[in-house]
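The values are calculated or read from the model by the stated rules, or taken from the named source; none is laboratory data. Keep in mind that what you see is a predicted model, and the values were worked out from it rather than measured. Heads up, the Cβs are rebuilt from the backbone with ideal geometry, glycines too, and the neighbour counts pull from every protein chain shown. Just the protein is used for accessible areas: all its heavy atoms, side chains included, with ligands, DNA and RNA removed. Shrake-Rupley method; radii C 1.70, N 1.55, O 1.52, S 1.80 Å.
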Amino acid sequence: TLETLIFWEEVDKDWRNWGYSTYITLRNTSTPGEFAKKASDFFLQRAVEVISLDPESNAANGYKLDLVPLRSVAFYNNNKKQYLYIITAIAFIIIVIAVINFVNLSTARSSKRAKEIGIRKVVGSDRRSLIRQYIFEAVFYALLASALAVFIIAGFRSHFYSILGTSVSLNILFNPSFILLFLFSTIIIGLAAGVYPALYLSAFSPAQVLRNEITKGEKGKRFRQVLIVFQFVITTALIISTLLISQQVNYIKTKDLGINNKFILYCNPSQKIWDHIDVLRARLLENPDIAGVSASSGQSGLRYNMGATSIIDGIEHSFRMLAVDPYYVDMLGIEILQGRNFSNELETDKNLTIILNETAVKEFGFDKPLEHQINFWGRTARVIGVMKDYHIRSFHHKVGPAALWYQPFYYRLNFSLTGNNMPETIKYIRDTYNEISPELPFEYTFVDEAIAMIYGQEERAKTIIGYFSVFAVFIACLGLFGMMSFTVQNRAKEIGIRKVNGASAGNILILLSKDCVRWILLANTAAWPLAWFAMNSWLGNFAYRIDISLSVFFQAGFAALAVALLTVSFQASKTARTDPVKVLKSD
């Protein structure tokens with residue numbers, strides 16, 4: 001026996017009710033496209049018959065049905081897939097940076113392997129065998145790193161899950177297809193990292209080694225500089241993105257919605273609660289820590305759950321609507337600019353009156369809104385008030401035309417608390433509620449928590465990109481360290497002569513830092529427009545957004561430069577302490 005718990009009678013016969021998700025299993029004889037067309041035609045025809053909908057009106061477009069495959073429901077009508085692509089792209093970029101670092105570090109320590117290469121060539125090794133050896137080493141390091149990564153993920157999976165906001169079974173690690181794909185990807189990364197060092201190192205001749213002439217020409221040097229600049233382009237762009245995402249997330253979390261949403265919670269009550277709502281309200285208001293109890297058709301502080309259209313001066317206008325009781329306006333602190341609130345004492349207010357927001361008044365062209373009536377759904381309601389605009393949707397959307405309707409068509413029960421003795425107050429509500437309706441236990445959600453959940457993806461994106469930025473900075477510094485090692489190695493004789501002639505440690509630091517500063521400045525010229533384009537596109541998802549400030553770019557550029565100079569200063573201080581006599585003798 002299949003039993004369904006519903007909150008009000010006849011809901012399954014209400015052709016205007018869009019409050020439930022519907023899941024359909026198709027027969028093999030029908031395709032999704034064919035079914036969607038037939039269902040849309042049928043749905044529209046029923047709306048025409050039952051609610052006298054005009055099939056040529058804009059409202060009729062809302063009766064077109066789209067089928068979404070079950071596997072795609074999680075990504076439907078949201079930007080989750082966009083964030084998945086962004087995170088995947090950043091992960092790929094991090095791998096590219098790691099490959100670049102391997103190349104730079106391998107070439108930087110070439111002098112340490114020069115003697116080995118020379119001896120092996122003298123005893124008969126050819127270049128092909130050396131290339132195979134160095135590529136094998138790179139692949140081995142990649143496999144070792146991948147194995148270590150698996151252990152890190154397994155050990156810190158709870159932390160990863162908290163960042164991602166979901167959990168993934170580790171059984172996927174034992175899936176043969178995943179293992180093959182993982183090994184194949186790792187080998188490709190190893191090959192990509194090992195090709196250039198293998199070609200570079202295997203090119204040394206025994207004569208070059210004996211004369212200590214192992215440096216490449218300007219072409220090789222410029223190639224490595226390009227790699228360093230590329231790393232800092234990505235690193236600086238990530239820092240800028242992290243700063244701007246943080247600012248936007250903080251903005252939408254702290255921006256005033258225009259209503260009171262603090263210490264307000266809501267629940268979906270049973271029919272028995274609705275039958276005794278006056279008794280419940282009276283008993284709850286006996287508690288001084290409960291400021292108000294109100295009913296609404298949707299979640300307070302969020303999107304109005306009903307849509308309607310009205311013909312005004314021959315023009316069809318669409319607007320959002322929320323059915324509320326007379327206590328709702330005061331409980332949320334909605335400001336009435338003209339007219340009045342709904343009255344519990346006036347029976348003529350029920351079903352027949354609405355309150356418009358400022359945007360609706362402007363779009364409808366009402367100079368004197370209190371003298372107008374609105375026709376919708378075959379009903380007529382007179383405007384008794386105008387309320388100040390407030391955000392009924394997330395900051396991804398602009399405030400649109402909206403109305404409050406005094407109509408006992410409620411799904412949600414809202415409770416406003418003073419904030420004092422919160423645990424005891426919630427327990428009092430639960431006990432009173434369960435006493436009236438023990439068959440459906442009291443379960444509640446705070447409005448501010450529900451609103452915060454809307455921006456959960458942005459919050460996670462901020463955290464993930466922040467981690468990526470820190471990781472990218474660390475890897476870029478490793479690459480810079482390798483490049484500076486290579487530079488110091490090639491300029492050891494020059495530095496030694498300068499020190500003999502009286503150059504100080506500061507002079508050596510300036511000498512080695514000049515190139516670094518040029519690289520960072522060049523990286524910033526590329527990173528700034530790249531980051532601006534990416535973040536301007538991302539911020540375009542919000543109707544209410546921060547302005548991209550130039551100070552953020554300077555902060556990110558300064559941070560990248562400071563980190564780079566810190567890395568260089570470590571290598572420079574080490575070089576400055578080296579005895580120049582030993583350097584010149586060894587040369």
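Kindly evaluate residue 531 against the criterion of being among the small types (Gly, Ala, Ser), modelled with pLDDT of 85 or more, open to solvent by less than 40 Å² (accessible area, probe 1.4 Å) and touching a helix residue (DSSP H, G or I) at 6+ places or on another chain (Cβ under 8 Å).
Considered against the rule, which asks whether it is among the small types (Gly, Ala, Ser), modelled with pLDDT of 85 or more, open to solvent by less than 40 Å² (accessible area, probe 1.4 Å) and touching a helix residue (DSSP H, G or I) at 6+ places or on another chain (Cβ under 8 Å), residue 531 comes out as yes.
Check off (1) loosely packed, with under 13 Cβ neighbours inside 10 Å; (2) not in a helix (DSSP H, G or I) for residue 423 and give me the number that stays unchecked.
(2)
Check off (1) at negative phi; (2) in contact (Cβ under 8 Å) with a residue 12 or more places away in the chain for residue 315 and give me the number that stays unchecked.
Status for residue 315: all satisfied but (2).
Could you list, in sequence order, all residues of region 163-190 that are assigned to a helix (DSSP H, G or I), out of contact with any helix residue (DSSP H, G or I) (no Cβ under 6 Å at 6 or more places or on another chain) and closer than 18 Å to residue 84 by Cβ?
164, 181, 185, listed by residue number.
Given the criterion among the acidic types (Asp, Glu), closer than 17 Å to residue 294 by Cα and surrounded by fewer than 21 Cβ atoms within 10 Å (Cβ to Cβ), identify the matching residue among 371, 443, 439. Show your work before the answer.
Details: 371 fails: closer than 17 Å to residue 294 by Cα; 439 fails: closer than 17 Å to residue 294 by Cα.
From the options 371, 443, 439, the qualifying one is 443.
Taking region 38-56 as the search range and keeping residues that are surrounded by 13 or more Cβ atoms within 10 Å (Cβ to Cβ) and either of a type in the set (D, E, K, R) or not in a helix (DSSP H, G or I) (or both), which one is modelled with the lowest pLDDT? Talk me through it step by step, then tell me what you get.
Going through region 38-56, the residues surrounded by 13 or more Cβ atoms within 10 Å (Cβ to Cβ) turn out to be 39-41, 43-48, 51, 53-54.
Subsequent filtering for residues that are either of a type in the set (D, E, K, R) or not in a helix (DSSP H, G or I) (or both) retains 41, 46, 53-54.
Working: 41: 84, 46: 78, 53: 67, 54: 72.
Restricting to residues being surrounded by 13 or more Cβ atoms within 10 Å (Cβ to Cβ) and either of a type in the set (D, E, K, R) or not in a helix (DSSP H, G or I) (or both), the top hit is 53.
Quick one: which residue in 134, 161 is farther than 25 Å from residue 234 by Cα and free of Cβ contacts under 8 Å to residues at least 24 places away in the same chain?
On the way: 134 fails: free of Cβ contacts under 8 Å to residues at least 24 places away in the same chain.
From the options 134, 161, the qualifying one is 161.
Could you grab me the full set of residues in region 164-184 that are within 25 Å of residue 466 (Cβ to Cβ) and surrounded by 13 or more Cβ atoms within 10 Å (Cβ to Cβ)?
The one that is within 25 Å of residue 466 (Cβ to Cβ) and surrounded by 13 or more Cβ atoms within 10 Å (Cβ to Cβ): 164.
If residue 429 meets every condition in (1) at pLDDT below 85; (2) surrounded by 21 or more Cβ atoms within 10 Å (Cβ to Cβ) apart from one, which number is that one?
(1)
On the basis of being assigned to a helix (DSSP H, G or I), modelled with pLDDT of 90 or more and within 22 Å of residue 269 (Cα to Cα), does residue 451 make the cut?
Criteria not met by residue 451.
Cβ-Cβ below 8 Å, separation at least six or inter-chain, first residue in region 60-89 and closer than 16 Å to residue 22 by Cβ and assigned to a helix (DSSP H, G or I), second open to solvent by 70 Å² or more (accessible area, probe 1.4 Å) and of a type outside the set (Asp, Glu): which pairs?
70/23
Might you check whether a residue that is exposed (fewer than 12 other Cβ atoms within 10 Å of the Cβ), of a type in the set (Phe, Trp, Tyr) and at pLDDT 80 or above occurs anywhere in region 59-77?
For region 59-77, residues exposed (fewer than 12 other Cβ atoms within 10 Å of the Cβ), of a type in the set (Phe, Trp, Tyr) and at pLDDT 80 or above: absent.
Restrict the check to region 248-256 and report whether at least one residue is crowded, with 20+ Cβ neighbours inside 10 Å and touching a strand residue (DSSP E or B) at 6+ places or on another chain (Cβ under 7 Å). Spell out the reasoning first.
Step one: of region 248-256, the residues crowded, with 20+ Cβ neighbours inside 10 Å are 248, 252.
After this cut, where a residue has to be touching a strand residue (DSSP E or B) at 6+ places or on another chain (Cβ under 7 Å) as well, the list is none.
Checked against the condition, which is being crowded, with 20+ Cβ neighbours inside 10 Å and touching a strand residue (DSSP E or B) at 6+ places or on another chain (Cβ under 7 Å), region 248-256 yields no hits at all.
Filter region 527-565 down to the residues that are outside any helix (DSSP H, G or I) and hydroxyl-bearing (Ser, Thr, Tyr) and list them by number.
If the condition is that a residue be outside any helix (DSSP H, G or I) and hydroxyl-bearing (Ser, Thr, Tyr), then 544, 549 are the ones that fit.
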